[in-house]
Structure formats: C-alpha cells, structure tokens
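The values are calculated or read from the model by the stated rules, or taken from the named source; none is laboratory data. All figures in this text were calculated on a predicted structure; none of them were measured in a lab. Glycine also receives a Cβ, built like all others from the backbone with ideal geometry; neighbour counts cover every protein chain displayed. Please note that ligands, DNA and RNA were not included when accessible areas were found on the heavy atoms of the full protein model with its side chains. Shrake-Rupley method; radii C 1.70, N 1.55, O 1.52, S 1.80 Å.
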Amino acid sequence: MKILIKNGYVYDPLNKIDGEIMDIAIENGKIVESISGEVIEIDAKNMIVMPGGVDLHSHIAGSKVNSGRLLRPEDHYKDIEKKTNIRRSGVGHTIPSTYTTGYRYSEMGYTTVMEAATPPLKTRHTHEELNDIPMIDKGCLTVLDNNWIVLDYLSKNELEKCAAYIGWILNAVKGYGIKIVNPGGVELWGWGKNVKTIDDQVPPFNITPREIIRGLCKINKMLNLPHTIHLHTNNLGTPGNYRTLIESMKCVSDLSNGSIILHVTHVQFCGYKGYSWITLSSGAEEIAKFVNENKYVTLDLGQIVFGDATTMTADGPFQYILYSLSKNKWINSDVEAETSAGIVPYRFKKKNYVNAIQWSIGLEIALLIKDPWRVFLTTDHPNAGLFTSYPKLIAWLMSKKAREKILEKVNKRAKSKMILPSLEREYTFYEIAIVTRAGTARALGLKNKGHLGIGADADVAIYDVNPKEINPSKEYKKVRKAFRKAAYTIKDGKIVCKNGEIAENIFGKTYWVNVDIPKDLLVSTISEVKGKFEEYYTVKMENYAIHENELLKSAPLKINSNL
Amino acid sequence: MKTINNVVCSFCGCLCDDIEVNIENNKIVNVKNACSLGLSKFLNYNKHRILKPRIRKSKEFVNVSLEEAINECVKILSNANYPIIYGWSNTSNEALRVGIEIAELIGGVIDNTTSVCHGPTIIGVQDIGESTSTLGQIKNRADLIIYWGSNPLHAHPRHLSRYTALSKGRFIKTRKERKVVVVDVRKTATANIADVFIQIKPNSDYELLTALRYAVNNGEIEQDEVAGVPVEKIEELAEMMVSCKFGALMFGLGLTMSPGKHRNIEAAIALVTDLNKYTKFVILPMRGHYNVTGANNVTCWITGYPFAVDFSKGYPYYNPGETTIADIIARGECDAALIVASDPISHLPIESARKLSKIPIVTIDPHETPTTRVSRVVIPSSYVGIECEGTAYRMDGVPLRLKKIVDPPDGIISDEEILKMILSKLKGD
Ligand code: SF4
C-alpha cells in the first residue's frame, strides 16, 4: 500500500521539523522520499502530522496486569467494548483486556508501547498477552535487580560474568532492557521487610541498593543495550523520598561520559518532601534543579489523574504500605529468586490533600525541567492514571488555564502549598511531540520510531487540529479532543484508524534485544550458574527460555556487546 | 532409543518439568522422575484412544472424515441460540485462545472447569485479594507449611518433594527446618507425615479460620473448643503462624467445596493477609488439572474475567451463578455444547448431566469418556505435552512450554488446529 499524506503541519522533532507544511510519502511500511503510481491520498490540510506515539512505560501485559484484571470485575462492568466486523470485544476501564488495550492506544495515535516490568520467570506469560494485543509494536523490560544470581555476582563484583548472565536472560526471555524496582528492598520483602536508604545492607547478599544500581548501570553499558537502565527508586511513595531519588541519580554520576545513562520512571511517586503525609509537599524544584544541571538522566512523569486507578508494581513492600493506608483489596505475588508484585485499587481524589499534592508534583516537574528530551509524558498506567488520559495531560501541559480549572477544585490547603499556580510555562506542539514520541523513541533506542525521516517505520498519527489557528492555551478542550481520537493512525504503512475508529485489525511486532556475548564467556558463565539455578528455582534452565516462535511477530535487535 | 530430558508432565497442576522420557519407535518405553500418576499418564495415554472422527446418525456412531465432522460441528454451533463451550483445563492456552474467539463469534458462553472446582477461590480473591507467591518462594524460605483440606500425597504426589516440606531451598535446606501442619476432617496420608495434625469437624472450616484469625490478632477465645478443636491447639497454631519467618497455607477442594465456599476462602485469605502484619505469609490453591490456571489466565486477558464468560450480548459478561455452565444447564437454557478436553457428563451433578446429554454435543478429546459417548460429533485430538506442543500454567502461575515427544496417530491433529478449522469455517473463510 502506498500512502501520501498531503499538506499537513508536520511536527518531527528528531528531524527538527516544527510545524512545516509537508507531504509524507509511505511505501512498503516505510517513510520514503516520494511515490508514484496508485496512491491513497490523505488530505491533512489544517491538521497536525506527527510520528506515531511511543509510550516507554505502561503496564499492559503479564501476570501482574492479569491479576489486576482478575481482581477487579467491578472495574470492567461499566466499560465494555462490543464485537464488530473489524474488532474483537473486550472490557476496559483501569485494566483493559488485551484487545481493548491495543485498540485504545491506536485510537489515540500511539503505535509503540513498552510493558514496563516483567519477571523473567513469568515472561512467557507476558509474551502471550503481548501476542494478543493488536495494533501496536511492543516489548517488555525485564526485572533484574533483585535476581539472586545477579545479586550473587554483583556482590562479588564479577561484572563480566554478571553481564553475560543478564545478556543470556534477555535473550532467553526476549526482554528489551534492564528494569530495576526498589533494588534490595524487594528481595527483603521476601521476608516482609524493606530497605530505607540506598546504603542499607541487603542480607545475606552483602550488597546495598547503591551498589546494585551502579553495577547494573555498568553492565548496561558493557552490554551496549539500546535503552539505559530503567529505575523505579527505593522508598517509592514515602514522604521525604525526593532525597532518595536525588541520591539514586547522583550515585551513577561518575559513570557518564556525557551520555544519558539512567532513566528514572514515574518520578511523581518519588518526588515527595515532608516528614509525614500531613506535612507532605512537593520536591519538584529540587528534582528539576538536579535534572537541569545533570544531563545524564531522563525521567518520565507517572502523572496523577484524578479518578480510578489500579496501582500495580513489582515493589511489593510499597504496595503493602498502600494497602495498609487504603484498606482496599490487596494482591501480593512474590516470584522466586527474582522479584515481587503488588496490586491495590485506588481512587485519586481532588479534595484529598495528599492526592492533590501528588497531582501537582508531576506537572511541576514537567514544567520546571527545561529540556523536553529528558522528561516524558506517562501516567505509569494504570498506577497514577490510565493511558487513555494522555490527552488530558497534553492539555495540562499546553494550557495554564486547563491547570487552573483543576486547581479551582483541589484541596485548598494543598493548593496553598503548591508552586504550580505560579508556573507560566505552556508546552508547544513541538514539545508535545518530543515528550510523547520523539524523546521516548530516542530514549528506548528505537531508531526507526518517533520520527518521519526517510527509512523510518511508517507509524504516523494525524490529529484534526489546526496549529496555526488554534490557541492551545485558551482552546485546550479542542486540543484534548483532537488527541483523544486521531483523525488517522497509520501503522506499518496501513491506515489502521480513521476518525478515532479502528479501520483494520493488525498485529505489531515484539522487540527484544539479541545480545551477542563472546561464546567462551557465555558457556563458562552458564555452566557456572546452572547448579545454582536449579537450587534457587523450581523450573529447569532449559524450560525457562522462550523460543522465538512463541512470539507472534518477533523483532530481535541485534546488539554487539562491548564484552 | 532416544532420551528426552526436562519434559513437562501434563497431568496435575504441579507441572513437574524434570521428567526424563525414553522413546523407541515413536513409543514411550521408560519414564524417570514422574510420580505414579504422571508415570501412568505417560505410559497409558495411548489406551482407549479415539482414532477416527465420528458422527451420530440416527442412533449409531458412524466414522467420518475430519472435514465432515467439522462441517457437522459448524452446523450445530451456527444453528444454536445459546451454545456453551466448556472444558479447557487439560489443553493448551493456544487452543483456548481459539475457543474464546469461537464463543465470541457465535455469541455463546465460554467456561472452564474452575466453575466446578476452584470457582469459590477466584470469587474469594475478587472480593479481597490475596497474598501469594510462586512455589519456589516456599521451597527457598518457608519454615511453616500448612495443608488445609488437601491431600497432596494422593492428588499432587510431588508437591512436597519439589516445592514444600521435603524440598531443598536456598535458605531452608531440610525437612527438620520446617514445621508441617495438616488441617483436615480425616487423618490423610499427608497428615501422617505432618508435625501437627488438626482434625476439624466436617463443614466447620469457616469457624476455625475465624477463630485462628482472632487468635492471631491477640483475641482471647471464650469457648473451650471451636470446630471440634480445643482452644489450646488453636492458640498453639496461631503462635506458630505469627512466629514463623515465612509461612505458606495451601488449600484444596476440602475448603472450596465445603459449605461456605467462597466465604471459607475469604476467611483463609483474610487470615493470611493479617499475618503479614507480623511476618511473611502466603496462600496458594492446590489446582488439580494441569492447565486450569492457564485457562483462567487466558480467559481473563482476552475477556477481563477468568471463567464463565457470556458473549450473547456481543461483549464479555460475567456473573458466576448465572453464567456458569452448571447453572445454564440446570436452567435448560443452552441448546448446543462444544466440549474440549473435559468430561462434564461425569463431573456435573447427575440432573445437569442428564439435561446436557439431551442437547447436541460436539466433543474434542483424545480418548473415550462418558461425554464422548453421548455426543453428536466426536473429533479425536492429540495429547498436548506428548504429541504436540503448547503452553500451560503451573498452579502458581509459572508458565511452561510443553513439548512434543512422539508423533500422534495418523490423521490426528491438535485441539488448537481442530478449533482453528472450526473457527475459519464459522467465519466463512
Ligand atoms: S506431581 Fe503431578 S505433574 Fe508432577 S509428575 Fe506427578 S502427576 Fe505429574
């Protein structure tokens, strides 16, 4: 299929194109210079043309997500999707079924989504769900920081072997990168305990969170992975934890030679100042200051959206705290020798002091950090809000008025403490394109995504809003509406959504890193860990590995490691 | 002779993945590491096989081609107003994915055997959540192991040696370092090897669980005994629970199927949740069929619900008691059934089984069962994990890939392939 998108206002930040009127030509699923012959023409006059959206942190597939679905039938009843000739049926709301997940992302013009955390032992399950999510390309980040064999190696400072083992795991489970979740704390949660600072000891491993983060950061470089380490910090969701966040960012500062080496995720949840929930305030200024001065870090927001959410993370002890505070239903699910998971349904309320502060923190960070290439738009779906709320976030970032609308209704005491009302900054469409696609694609190291240059994947979103006529600051509702339902979503060169409705049911690829590890090192490492593996786990090493043919559309990225 | 290692046993929910199988001329001749149940499956799976598709014409079964059987199946399903599609705990996730699409396409109800075994467990979890873990956490850490209303030595023979009491883990290496408690109405084989056996009066699990929870939270029980158990013993058990380092409570049908059902489960979950205030504690159901856990998971990610999903309105609708097949059959509402890898005629209540046998049934199964005997169409399939590959989930949700180790009999294909043929005919491809 050949497509010509004509006369749209193109926003393509990776190619420094800022709202120029251009034609975009597509052939065989790629962006091309020009096309001729039989062509489908899309008239994008007075519309915005952007690369397809790229979400680098969302919980859409795997055992934790599915436990959340199972836990909440009440969540599904009120949000249903009927079967049509094109699309499968499903349910939605906070944890949509797999098909609904794919459709709803696609309707908003998103074309690539990274599942944010999967334990290796259960990654086969994650891939099975990813196989059943249509419309988007995807991948999953592998939780490795509380992995016993990794910890054993790190504590002995055997980084090369540790790197070889991690490379083996990523190949074996078809993972995309190294996810860190409350390093050390989650291992202690196996005994119902946690860490409090990044320098606490994690017995019996004789290691600290600081050493785990540093070790994995080094290994990430040794393996030459496309994405940096992806860190969910210690002390998440605890008053005063902005200090832990800054300590964690600082702890790798000497490892950067100018390049970006760390991504900290859902930073809102680790931006809390104060000593208790009553004295809670925003750590956004301190965090933004640090990030503005230190170019080796990227962040994503984990922005709160008022309403229903289902919190779910591998951070078992954090989820237990949330359960103790809320007394809502609680699932905990520990994974042998690897990690944990917790789930608690939650409702963020405007009138609640803590929730209102949390809401302001995310936006303050987004507005105070100067470089949009290093702070990305997420809700840590479905933790702080749902991915379907992204258009709301876009409106908040682009319009002070949209923020004020909410500020009128939030808890008064919270409002009096916020700096948000004094922030004048409003994002441009160009910056929105960075924080929702160009920047995220770059951070993930997906070279053919997030831009519209020649040879890029033909993943395109067209939004029915005229950037030259509209004043987003005032007419934020129009912006919100346009981003809610893309006029067109094009995936792999096919028109898959039209006017926000699914036009074709397709399946995207699953990306994973196929790391090339020197054979001798790999063989000696595997033979060394085999015995331990069978002592720690209840499955055989052979059965832990996932075959490529278990993935519906496998898309390995060949990586030459520096080992 | 060829040896295949690390084969996964597709019999019970333990899904042991260390089986060694010797094959000679496409025949399994020797099996190592399996328990007696697993061994018997590997050695006897080929008995009582159905080798040809068949259709009931007037009163007699007639062998037919696969295509004819599929056509007849499609005719039955497309003529039905309210068909049910049932089974799934003894086949692969891949087969079930196709089954769900069929149910959605024809506006039927898809249900799995959870509906007649651990349904109350799931409803209990939906009500209050659960603190759980994979079995390896128990192997590595648990110093207190409780089996409640389940007798693993008979139903899951290797559960104790691979995952719990008799396993060797990183932190806990020997049986001596673990305390084992059995709560049951009779002294079972498992009770015989326990450190503490608590014999409970039949049908009083809820009372005992509630009393234990009270004791765990430092309450003083007034009575001398609860559920036939002296209070000292309850307090002693509560003390063991609070003071262990890592406790695990595993329960079976003795708890889910005794009066109280999901209320029992809720009481057990609430007890375990409370224990996490003092120590680390997890709860796990002892799931029977090898892939019933997978059946719940696949149904849940595609539809939002783990079993009993009704598509008659064009979207997934779930209401156990209404959309569970036993209830649909009892109300006489369904007018056709597709049964995959299950034998409802044997395990449904007799009245329901009689009603079911009156409607046209299509059964896909490797071997003869009472259900195949009353079916209108029977399509033989291959054994997942022996004659074809597939994914299954262990009782704790650990996903494993089952291997193909021998060829199926001539002309026999997998559940998944048969269902795909049915689906594509139904779609009119
Ligand atoms: S315990 Fe279950 S899975 Fe393991 S060998 Fe026996 S029957 Fe098979």
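Per the conditions (1) touching a helix residue (DSSP H, G or I) at 6+ places or on another chain (Cβ under 6 Å); (2) among the hydrophobic types (A, V, I, L, M, F, W, C); (3) in a helix (DSSP H, G or I), the sole criterion not satisfied by A:ALA482 is (1). Scanning for something assigned to a loop (DSSP other than H, G, I, E, B), of a type in the set (S, T, N, Q) and either out of contact with any His (no Cβ under 8 Å at 6 or more places or on another chain) or more than 24 Å from A:LYS417 (Cα to Cα) (or both), does the range A:285-308 turn up at least one residue? For the range A:285-308, residues assigned to a loop (DSSP other than H, G, I, E, B), of a type in the set (S, T, N, Q) and either out of contact with any His (no Cβ under 8 Å at 6 or more places or on another chain) or more than 24 Å from A:LYS417 (Cα to Cα) (or both): present. From the list B:GLU389, B:GLU416, B:GLU322, the one residue that fits, being among the charged types (D, E, K, R), open to solvent by 10 Å² or more (accessible area, probe 1.4 Å), touching a Lys or Arg at 6+ places or on another chain (Cβ under 6 Å) and within 14 Å of chain A (Cβ to nearest Cβ), is B:GLU389. Residues that are under 18 Å from the mean Cα position of the chain (by Cα) and either at pLDDT below 95 or within 16 Å of the ligand (Cβ to nearest atom) (or both) within the range B:127-148 comprise B:THR134, B:LEU135, B:TYR147, listed in sequence order.
Screening the range B:13-40 for residues that are away from the ligand (no atom under 12 Å from the Cβ) and of a type in the set (S, T, N, Q) and picking the one that is most open to solvent (accessible area, probe 1.4 Å) gives B:ASN25. Checking the range B:63-82 against the condition returns no match, with no residue being within 16 Å of the ligand (Cβ to nearest atom), within 25 Å of B:VAL98 (Cβ to Cβ), open to solvent by 40 Å² or more (accessible area, probe 1.4 Å) and not β-branched (Val, Ile, Thr).
Of the helices (runs of 4 or more DSSP H) lying entirely inside the range A:24-133, those carrying at least 1 residues that are hydrophobic (A, V, I, L, M, F, W, C) and at the interface with chain B (Cβ under 8 Å from one of its Cβ atoms) are A:63-71.
Residue-by-condition table, conditions (1) farther than 15 Å from B:ARG287 by Cβ; (2) away from every other protein chain (no Cβ under 14 Å); (3) open to solvent by less than 10 Å² (accessible area, probe 1.4 Å):
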{"residue": "B:GLY124", "(1), (2), (3)": "no, no, yes"}
{"residue": "B:THR132", "(1), (2), (3)": "no, no, no"}
{"residue": "B:LEU135", "(1), (2), (3)": "no, no, yes"}
{"residue": "B:ALA142", "(1), (2), (3)": "yes, no, yes"}
{"residue": "B:LEU153", "(1), (2), (3)": "yes, yes, no"}
{"residue": "B:LYS173", "(1), (2), (3)": "yes, no, no"}
{"residue": "B:VAL180", "(1), (2), (3)": "yes, yes, yes"}
{"residue": "B:VAL185", "(1), (2), (3)": "yes, yes, no"}
{"residue": "B:ILE198", "(1), (2), (3)": "yes, yes, yes"}
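The residues of the range B:155-171 that are assigned to a loop (DSSP other than H, G, I, E, B), away from chain A (no Cβ under 13 Å) and within 12 Å of the ligand (Cβ to nearest atom), listed by number, are B:HIS156, B:PRO157.
Residues considered: B:VAL374, B:VAL340, B:VAL378. Of these, the only one that is of a type in the set (A, V, I, L, M, F, W, C), open to solvent by 10 Å² or more (accessible area, probe 1.4 Å) and touching a helix residue (DSSP H, G or I) at 6+ places or on another chain (Cβ under 9 Å) is B:VAL374.
Please go through the range B:292-319 and give me each residue that is within 16 Å of the ligand (Cβ to nearest atom) and either without any contact (Cβ under 8 Å) to a residue 60 or more places away in the chain or open to solvent by less than 10 Å² (accessible area, probe 1.4 Å) (or both), ordered by number. Let's see the steps before the verdict.
Residues of the range B:292-319 that are within 16 Å of the ligand (Cβ to nearest atom), as a first pass: B:292-294.
Hits for the range B:292-319 are B:VAL292, B:GLY294.
Against the list (1) more than 14 Å from chain B (Cβ to nearest Cβ); (2) outside any loop (DSSP other than H, G, I, E, B), the condition A:ASN543 fails is (1). Name the residue that is farthest from the other protein chains (Cβ to nearest Cβ), counting only residues in the range B:86-120 that are under 26 Å from A:LYS329 (Cβ atoms) and open to solvent by 10 Å² or more (accessible area, probe 1.4 Å). If we take residues in the range B:86-120 being under 26 Å from A:LYS329 (Cβ atoms) and open to solvent by 10 Å² or more (accessible area, probe 1.4 Å), then B:VAL116 is farthest from the other protein chains (Cβ to nearest Cβ). Residue pairs whose Cβ atoms lie under 7 Å apart, sitting 6 or more positions apart in sequence or on different chains, and linking a residue in the range B:275-291 that is within 13 Å of chain A (Cβ to nearest Cβ) to a partner that is within 16 Å of the ligand (Cβ to nearest atom) and among the charged types (D, E, K, R), are B:LEU284/B:ASP396. The set of residues in the range B:41-51 that are open to solvent by less than 70 Å² (accessible area, probe 1.4 Å), touching a residue at least 12 places away in the same chain (Cβ under 8 Å) and either within 16 Å of the ligand (Cβ to nearest atom) or of a type outside the set (A, V, I, L, M) (or both) comprises B:LYS41, B:PHE42, B:TYR45, B:ARG49. With a requirement of 1 or more residues that are in contact with a strand residue (DSSP E or B) (Cβ under 9 Å, 6 or more places away or on another chain), the helices (runs of 4 or more DSSP H) lying completely within the range A:374-453 that satisfy it span A:390-398, A:412-417, A:429-433, A:439-444.
Looking at B:LEU423, B:LEU356, can you tell me which residue is in contact with a helix residue (DSSP H, G or I) (Cβ under 6 Å, 6 or more places away or on another chain), assigned to a helix (DSSP H, G or I) and crowded, with 23+ Cβ neighbours inside 10 Å? Spell out how you get there, then give the answer.
Working: B:LEU423 fails: crowded, with 23+ Cβ neighbours inside 10 Å.
Result: B:LEU356 is the single residue among B:LEU423, B:LEU356 that is in contact with a helix residue (DSSP H, G or I) (Cβ under 6 Å, 6 or more places away or on another chain), assigned to a helix (DSSP H, G or I) and crowded, with 23+ Cβ neighbours inside 10 Å.
Among the residues of the range B:292-317, those that are at the interface with chain A (Cβ under 10 Å from one of its Cβ atoms) and either of a type in the set (D, E, K, R) or in contact with a Cys (Cβ under 7 Å, 6 or more places away or on another chain) (or both) comprise B:PRO306, B:LYS313. Restricting A:ALA314, A:ALA288, A:ALA337 to those that are open to solvent by less than 10 Å² (accessible area, probe 1.4 Å) and more than 22 Å from the chain's Cα centre (by Cα) reduces the list to A:ALA337.
The residues in the range B:239-256 that are open to solvent by less than 10 Å² (accessible area, probe 1.4 Å), at pLDDT 95 or above and out of contact with any strand residue (DSSP E or B) (no Cβ under 6 Å at 6 or more places or on another chain) can be counted, and the count is 0. Taking the conditions (1) part of a loop (DSSP other than H, G, I, E, B); (2) at negative phi; (3) touching a strand residue (DSSP E or B) at 6+ places or on another chain (Cβ under 6 Å) in turn, A:PRO183 satisfies each one other than (3).
If the condition is being within 14 Å of chain B (Cβ to nearest Cβ) and more than 25 Å from the chain's Cα centre (by Cα), then the range A:166-201 contributes A:LEU188, A:GLY190, A:TRP191, A:GLY192, A:LYS193. Tallying residues that are assigned to a loop (DSSP other than H, G, I, E, B) and under 30 Å from A:HIS547 (Cβ atoms) within the range A:485-514 yields 8. Given the condition of a type in the set (Gly, Ala, Ser), touching a Leu at 6+ places or on another chain (Cβ under 6 Å) and surrounded by 24 or more Cβ atoms within 10 Å (Cβ to Cβ), answer yes or no: does some residue in the range A:51-73 qualify? There is at least one residue in the range A:51-73 that is of a type in the set (Gly, Ala, Ser), touching a Leu at 6+ places or on another chain (Cβ under 6 Å) and surrounded by 24 or more Cβ atoms within 10 Å (Cβ to Cβ).
Filter the range B:2-12 for residues that are touching a residue at least 24 places away in the same chain (Cβ under 8 Å) and in contact with a strand residue (DSSP E or B) (Cβ under 6 Å, 6 or more places away or on another chain); which is nearest to the ligand (Cβ to nearest atom)? Once the filter is applied, the top-ranked residue is B:CYS9.
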